[in-house]
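Chemist: What follows is a structure written as structure tokens; I'll ask about it next.
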Amino acid sequence: MTTLVSDTAALLERCHDAARHEGPAPALAALADGVLPGLLPCGPGGHAVVAAPTHAGAHALWLDGARRPLDPARTKIRAELDLPGGRVVLLDTGHAAPADRDAGAGAEPREVYGLGLVWLRLGLAQALRAACFTRLAHRRVGDSTLLQQQLVKGTVADVLAEHLEIQAVLSGARPGDLSPGMLDHLHGRITAADREQVRLLGAAGYLTDSPGLTAYVSELLAEAYAAAKEAP
Amino acid sequence: MTHLDDRLLILRGQIREWGAQVRPLALEIDRDPEAVRHHFALPAVRHLATMGVPEEYGHEPEKIGGHRFYGVSALERAVVMEELACADVGTLVASPGPLLAGVAVGLCADDRQKRWFYGRVLAEPLWTCFALTEPEGGSDAAAMRTSLTSTPDGGALLSGEKRYVGNACRAQLGVVFARARPGPLGITAVLVDTAEPGFDARPLDMIGLRGARISSVVMDRMPIPEDRFLGRHLTATRRGVWAFVQTFNVLRPGVAAIAVGIARAALEYVAEHRSTLSGAERERYEELVRRVDATRHLVHHAAAAVDARGTDGHLASAAKLRAARLAEDVTLAAAAFFGPGARLSHPFLDKLARDARAMEFLEGTGNMQRLNLFQGLLGGKVDRDRRRVPADA
Ligand SMILES: Cc1cc2nc3c(=O)[nH]c(=O)nc-3n(C[C@H](O)[C@H](O)[C@H](O)COP(=O)(O)OP(=O)(O)OC[C@H]3O[C@@H](n4cnc5c(N)ncnc54)[C@H](O)[C@@H]3O)c2cc1C
């Protein structure tokens with residue numbers, strides 16, 4: 001098999017690491033540049049959640065495997081959000097992926113991109129965990145801190161166990177090893193754990209300049225690139 | 001099961017109708033919470049503007065099906081809140097009215113204070129705010145730092161910071177909780193007129209529930225006359241913590257009802273935009289409907305309990321806990337009926353999912369409700385087993 005991406009393992013690692021330490025935009029940009037340079041990566045419904053430079057530099061759409069010309073007239077920009085690491089753009093291109101996209105060269109980039117997104121979201125989730133940890137450790141309640149409350153410790157531990165399980169599934173997996181169903185499952189687990197974490201931030205995590213906004217984008221990322229199951 | 005009587009069923013029908021006029025505002029208010037100013041004439045907004053003012057203070061709402069509704073019972077408010085939250089929760093929380101502050105006034109104010117507060121609210125649509133949370137800790141109200149320092153004329157100077165206070169940046173009146181003395185009995189609430197010097201509130205940019213205009217507030221030596229202290233006529237033990245525990249007990253079913261309304265809105269959206277569901281989808285949908293219905297029963301049961309006895313707030317904690325999670329789960333599950341990227345194609349669904357997340361925080365987080373519920377169980381105040389055998393005791 002010819003490989004479009006020369007060193008997938010290194011790319012996935014870069015993507016995970018950038019998400020964890022820099023933010024969603026650098027990680028998304030690394031993934032897009034590594035797998036689909038010059039293209040606007042879209043999910044099966046024609047939605048994209050990408051770093052601003054990827055949007056600005058794209059010369060064609062990549063619709064879950066199929067290439068199409070850009071169609072700015074039909075594209076709706078749903079949001080442009082300034083997050084740590086840079087701006088992320090959320091788009092609805094108005095084009096769904098064609099049914100015959102599995103033929104030819106579409107499958108491999110899709111597998112790499114799909115796997116990369118789970119790694120990326122895991123990195124974001126781990127960064128969120130660190131942010132929660134720091135905030136709760138500094139927030140006092142009575143003679144102690146919020147982090148030392150047993151209910152809080154329980155939630156943190158549950159989230160950690162979740163992240164460890166997800167990482168165990170991802171580690172060593174090559175593109176195509178994990179079924180689309182498994183990737184969706186992992187996305188669902190990350191979303192559920194992120195929600196637990198965001199609750200721990202209190203109302204501070206509901207501000208637009210908080211880690212809560214990154215968690216929101218992470219959720220939409222999973223939705224945009226979810227495997228198509230239902231055709232309404 | 002707590003059944004709604006005919007009166008409340010009539011009210012629900014009317015509010016549902018009024019709600020239909022509010023739904024189209026949803027995305028507008030989400031983008032620009034100040035847009036609500038153009039919609040003061042809507043019957044739903046007018047209803048909220050005076051909801052909670054008792055009859056004896058000159059409140060004469062228009063009759064609905066031959067009845068007047070003053071909004072003084074938790075159950076009645078729960079009915080209204082679910083309907084309007086289902087229509088559009090953003091408009092509900094953006095609307096002027098006495099809401100949270102009004103409940104505190106109803107429970108803790110003396111007659112003169114009520115005349116002043118309700119009189120202002122009835123005179124024109126105005127926003128009120130209820131300022132409890134502080135930047136250093138929302139859940140730990142006992143650690144409150146905002147202070148009231150006595151002045152020789154019997155009044156006090158109010159200083160401190162509040163955060164995440166709904167509508168504070170546009171409120172004309174507020175109830176502010178502050179510490180007059182050290183210790184658990186030292187917390188009290190005062191009525192403020194935000195136009196008076198020393199009150200500065202600024203909006204905070206929120207991910208969801210943007211209609212609520214959540215604000216941060218700084219109070220700098222704001223003069224509070226003696227007659228603005230709530231509960232002056234109550235004993236010291238009833239004034240502070242007791243008063244706000246009751247206030248929260250009474251408010252919580254309303255928040256839970258809002259959460260039920262958000263969940264219902266998501267399901268209505270699915271029903272409206274996915275006319276045919278596959279067998280498996282229909283089963284999934286109906287299970288969500290059952291969950292919403294079950295939680296509504298708990299909410300009404302909790303509201304009836306606090307109406308009967310204001311200190312009976314454990315059911316309200318259970319209702320708030322269940323309803324907040326319900327709203328989050330159902331809004332996410334609703335998006336799944338629309339395939340990949342649903343929230344990017346359907347901004348209304350995205351808004352519901354963002355709004356739902358606020359429900360965790362209003363009137364105490366999930367963990368605070370869990371702890372309260374557990375205390376209720378431990379103290380034999382909730383789900384008491386009349387046939388408990390001694391070995392269990
Ligand atoms: C949309 C919105 C509207 C609001 N409106 C108002 C308003 O009008 N007026 C007002 O005064 N406030 C308002 N609030 C604030 C709200 O009441 C607080 O957010 C809430 O009380 C939690 O406080 P916090 O955000 O400081 O979280 P924190 O108290 O910092 O809590 C952080 C996390 O720790 C957990 N936690 C805290 N203590 C414990 C403990 N002892 N054991 C276990 N876990 C614990 C919490 O559950 C939470 O998950 C609003 C908030 C929002 C989001």
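No value in this document is a laboratory result; all are computed from the given coordinates. Source: prediction; values computed, not measured. Every residue, glycine as well, gets a Cβ built from its backbone with ideal geometry; the counts of neighbours run over all protein chains shown.
Chemist: Report, in debye and to the nearest 20, how large the dipole of the stretch B:1-158 comes out about its Cα centre when Lys and Arg carry +1 and Asp and Glu carry -1 on their Cβ. Please report the intermediate quantities before stating the final value.
Modeler: Numbers: 15 positive and 22 negative charges, 52 e Å.
Value, rounded to 20: 240 debye.
Chemist: Same structure, new question: By counting other Cβ atoms within 10 Å of each Cβ, how are A:His47, B:His47, B:His3 ranked from fewest to most? Walk me through the intermediate numbers first.
Modeler: Values: A:His47 29, B:His47 22, B:His3 9.
Fewest-to-most ranking of A:His47, B:His47, B:His3: B:His3, B:His47, A:His47.
Chemist: List the residues, sorted by chain then number, that are 5 or more residues from B:Met206 or on another chain and whose placed amide H is less than 5 Å from its amide H.
Modeler: Close amide H contacts, sequence-distant or interchain: A:Thr208.
Chemist: Work out the length of the dipole vector of the protein assembly as shown about its Cα centre, built from +1 on the beta-carbon of each Lys and Arg and -1 on the beta-carbon of each Asp and Glu, and round it to the nearest 20 debye.
Modeler: Details: 71 positive and 74 negative charges, 261 e Å.
Using only the charged Cβ atoms, the result is roughly 1260 debye.
Chemist: Using a basic spin-label model with each label point 7 Å from the Cα along Cα→Cβ, how many nm lie between B:Arg12 and B:Ala236?
Modeler: 4.7
Chemist: Taking H as built 1.01 Å from N, whose amide H comes closer than 5 Å to the amide H of B:Arg213, not counting residues under 5 places away?
Modeler: B:Asn167
Chemist: Next question. From the Cα gyration tensor of the stretch A:107-225, with a ≥ b ≥ c the square roots of its eigenvalues, which class applies: rounded if a/c is under 1.5, or else prolate if a/b is larger than b/c, or else oblate? Write out the running numbers ahead of the final one.
Modeler: On the way: a/c = 3.16, a/b = 2.01, b/c = 1.57.
The shape class here is prolate.
Chemist: Once R0 is set to 35 Å, what does the formula 1/(1 + (r/R0)^6) return for the Cβ-Cβ distance between B:Ser278 and A:Met182, expressed as a FRET efficiency to the nearest 0.05? Please list the in-between numbers first.
Modeler: Working: r = 23 Å, r/R0 = 0.65.
FRET efficiency, B:Ser278 to A:Met182: 0.95.
Chemist: Please give the helix B:347-356 orientation as an angle from the longest Cα principal axis of chain B, in degrees from 0 to 90, rounded to the nearest 10.
Modeler: The answer is roughly 50 degrees.
Chemist: Considering Cα pairs under 8 angstrom that are at least six residues apart, work out the relative contact order of chain A and quote it in whole percent.
Modeler: Details: 365 pairs, mean separation 51.5, N = 232.
Across chain A, relative contact order equals 22 percent.
Chemist: Can you give me the relative contact order of the stretch B:128-230 as a percent, contacts being Cα pairs under 8 Å and 6 or more apart? Mind showing how you got there, number by number?
Modeler: Details: 246 pairs, mean separation 33.0, N = 103.
That works out to 32 percent.
Chemist: Ok, one more. Which GluC sites (Glu not before Pro) does the stretch A:84-168 hold that lie in a coil by DSSP with at most 11 other beta carbons within 10 Å?
Modeler: Working: sites: A:Glu111, A:Glu162, A:Glu165; in loops: none.
Those that pass, being in a loop and sparsely packed, number zero.
Chemist: Using the 10 angstrom Cβ neighbour count as an exposure proxy, how do B:Val176, A:Val88 rank, fewest first?
Modeler: Details: B:Val176 29, A:Val88 26.
Ranked by crowding around the Cβ, least crowded first: A:Val88, B:Val176.
Chemist: Set Lys and Arg Cβ to +1 and Asp and Glu Cβ to -1, take the dipole of chain A about its Cα centre, and tell me which of A:Pro37, A:Ala73, A:Ala10 lies farthest positive.
Modeler: A:Ala73
Chemist: Just how far, in whole angstrom, is the stretch B:323-393 from the stretch A:54-81 if you go by their alpha carbon centroids?
Modeler: 38
Chemist: Hey, another quick one. Count charges around B:Tyr57 for me, please; just the other residues with Cβ under 12 Å from its Cβ, Lys/Arg as +1, Asp/Glu as -1. It would help to have the intermediate numbers written out before the result.
Modeler: Details: positive: B:Arg112, B:Lys114, B:Arg115, B:Arg120; negative: B:Glu55, B:Glu56, B:Glu60, B:Asp111.
Taking every other residue near B:Tyr57 into account, the sum is 0.
Chemist: Are there trypsin sites (Lys or Arg not before Pro) in the stretch B:59-89 that DSSP puts in a loop and that have at most 12 other Cβ atoms within 10 Å, and which ones? Let's see the in-between values first.
Modeler: Working: sites: B:Lys63, B:Arg68, B:Arg77; in loops: B:Lys63, B:Arg68.
Hits after loop and neighbour filter: B:Lys63, B:Arg68.
Chemist: Can I ask one more? Which of B:Thr128, B:Thr50 comes first, and how do the rest follow, when ranked by fewest Cβ neighbours within 10 Å?
Modeler: On the way: B:Thr128 27, B:Thr50 22.
Ranked by crowding around the Cβ, least crowded first: B:Thr50, B:Thr128.
Chemist: Applying the Karplus parametrisation 6.51 cos²θ - 1.76 cosθ + 1.60 with θ = phi - 60° to the phi angles of the stretch B:268-278, what ³J(HN,Hα) value in whole Hz is obtained for each residue in order, glycine and proline being reported as x?
Modeler: Per residue, the Karplus-derived 3J(HN,Hα) values read 5, 5, 4, 4, 6, 9, 10, 5, 10, 10, 5 Hz.
Chemist: Using +1 at the Cβ of each Lys and Arg and -1 at the Cβ of each Asp and Glu in the protein assembly as shown, identify which of B:Ala305, A:Gln197, B:Gly13 lies farthest towards the dipole's positive end.
Modeler: The listed residue farthest towards the positive side: B:Ala305.
Chemist: Over all distinct alpha-carbon pairs, what is the Kirkwood Rh of the protein assembly as shown in angstrom? Walk me through the numbers before you get to the answer.
Modeler: Working: mean 1/r = 0.0387 Å⁻¹.
After inverting the pairwise mean of 1/r, the radius is 25.9 Å.
Chemist: What percent do you get for the relative contact order of the stretch A:107-225 when only Cα pairs under 8 Å and 6+ apart count? Don't jump to the answer; show the numbers that get you there.
Modeler: Working: 91 pairs, mean separation 42.8, N = 119.
Taking the mean separation of contacting Cα pairs over the length of the stretch A:107-225, I get 36 percent.
Chemist: If you don't mind, another one. Does the stretch A:1-92 come out rounded, prolate or oblate by the C-alpha gyration tensor, with a ≥ b ≥ c the root eigenvalues, rounded set by a/c under 1.5 and, if not, prolate when a/b is larger than b/c and oblate if not? Walk me through the intermediate numbers first.
Modeler: Working: a/c = 2.35, a/b = 1.15, b/c = 2.05.
Oblate, since a/c reaches 1.5 and b/c is not below a/b.
Chemist: Just from its helices, what would the mean residue ellipticity at 222 nm be for the protein assembly as shown, if runs of 4 or more DSSP H residues each count -39500 (n - 2.57) and the sum is divided by every residue, rounded to the nearest 500 deg cm²/dmol?
Modeler: On the way: 20 runs with 311 residues, N = 625.
Taken over the protein assembly as shown, the calculation gives -16500 deg cm²/dmol.
Chemist: In square nanometres, what is one fourth of the surface area of the convex hull spanned by the alpha carbons of chain A? Spell out each step's value before the answer.
Modeler: Numbers: hull surface 51.4 nm².
Convex hull of Cα atoms, orientation-averaged projection: 12.9 nm².
Chemist: Where does helix A:211-224 land angle-wise versus the long Cα axis of chain A, in degrees 0 to 90, nearest 10?
Modeler: On a 0 to 90 degree scale, this one is about 30.
Chemist: On to the next question. Report the gain in length on full extension from A:Ile77 to A:Ala157: 0.36 nm times residue separation, minus Cα-Cα distance, nm rounded to one decimal. Provide the component values of the computation, followed by the final result.
Modeler: Numbers: separation 80, 0.36 × 80 = 28.80 nm, distance 3.78 nm.
My answer for the length gained is 25.0 nm.
Chemist: With the dipole of the stretch A:2-132 worked out from charges on the C-beta (+1 for Lys and Arg, -1 for Asp and Glu) around the Cα centre, which of A:Gln126, A:Pro84, A:Tyr113 lies farthest toward the positive end?
Modeler: My answer, from the dipole projection, is A:Pro84.
Chemist: Need the list of lysines near B:Lys381 for cross-linking: C-alpha distance under 30 angstrom, and skip anything on the same chain fewer than eight residues off.
Modeler: Once the sequence-local lysines are set aside, what remains near B:Lys381 is A:Lys153, B:Lys320.
Chemist: Then there's this: Rounded to the nearest 0.05, what FRET efficiency is calculated for A:Asp100 and B:Gln21 with R0 set to 51 Å and r the Cβ-Cβ distance?
Modeler: Values: r = 46 Å, r/R0 = 0.91.
It comes to 0.65.
Chemist: Continuing with the same structure: For the stretch B:71-176, build the convex hull from the C-alpha positions and give me its volume per residue in Å³. List each step's numbers first, then the result.
Modeler: Working: hull volume 14.4 nm³, N = 106.
So the per-residue hull volume is 136 Å³.
Chemist: Tilt of helix A:150-170 relative to the longest C-alpha principal axis of chain A, in degrees (0 to 90, nearest 10)?
Modeler: 30
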